[in-house]
Amino acid sequence: MTAAELPVLRWTAEEFVDAWEAGAFADRHRVQLVDGEVWDLGPIQGWHGDATARMARLLHADGIVVTTRTLPMPRSMPDPDAWVLRSGAEPVGSVRGYATYDPADVLLVVEVSDATLRADLTSKAAVYAEGGVAHYWVLARDALHVHEGPSAHGYARVRVLGPEDAVTLPYVDRELTVQDLLGG
């Protein structure tokens, strides 16, 4: 049997949380589950950390909660850099204590992407689309990738906006320039 013929072991969200709680990833800095695969992530560095803090501040508005907590999705336990939840939204379930929400209450998910750009635009986009997240943004060092129209097959619309472009927050009538998000 060749390596290409070997079955791939996929984790469930419950197995991942059980392994986490049992200390299976204690020697890792950060891990997350994306479409059944455990991703080993390094520490958050310079631009990424600053952009994430700036993003969380700029996303704030009345009637919403901006958070960075784990967002359970089908077969995944991603840790978005920031996501927006309708204020007062009630969980519709949980994965080992991690609240799950109706996709209509998850107003925006944002990944700030440096070393993980390809994965954020492909694997993570597929996870969030399948989970019904209506608005998914990937902020790269020079552009904002705006995903809309989720389905089981991905996002129907993806726009790439440059620093001079503007984007409207999907949950409030307020426009930001991509440069506002990029900083500097």
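A few points about this structure:
- The set of residues in segment 88-111 that are within 16 Å of the chain's Cα centre (by Cα) and at pLDDT below 95 contains only TYR98.
- Any chance TRP11 is among the aromatic types (Phe, Trp, Tyr), at pLDDT 80 or above and outside any helix (DSSP H, G or I): yes
- Out of TYR136, TYR128, TYR101, sole residue that is aromatic (Phe, Trp, Tyr), surrounded by fewer than 22 Cβ atoms within 10 Å (Cβ to Cβ) and in contact (Cβ under 8 Å) with a residue 12 or more places away in the chain: TYR101
- Count - residues of segment 149-171 that are hydrophobic (A, V, I, L, M, F, W, C) and surrounded by 15 or more Cβ atoms within 10 Å (Cβ to Cβ): 4
- Within segment 28-43, not a single residue is over 17 Å from TYR98 (Cβ atoms), surrounded by fewer than 10 Cβ atoms within 10 Å (Cβ to Cβ) and modelled with pLDDT of 75 or more.
- Test result for THR52, touching a residue at least 60 places away in the same chain (Cβ under 8 Å), of a type outside the set (Lys, Arg) and more than 26 Å from LEU169 (Cβ to Cβ): no
- Looking across GLY63, GLY97, one residue alone is among the small types (Gly, Ala, Ser), out of contact with any His (no Cβ under 6 Å at 6 or more places or on another chain) and farther than 19 Å from THR168 by Cα. It is GLY97.
The values are calculated or read from the model by the stated rules, or taken from the named source; none is laboratory data. Just so we're clear, the structure is a prediction, and the values are computed from it rather than from any experiment. So basically every Cβ, Gly included, is an ideal-geometry build from the backbone, and we count neighbours across all protein chains shown.
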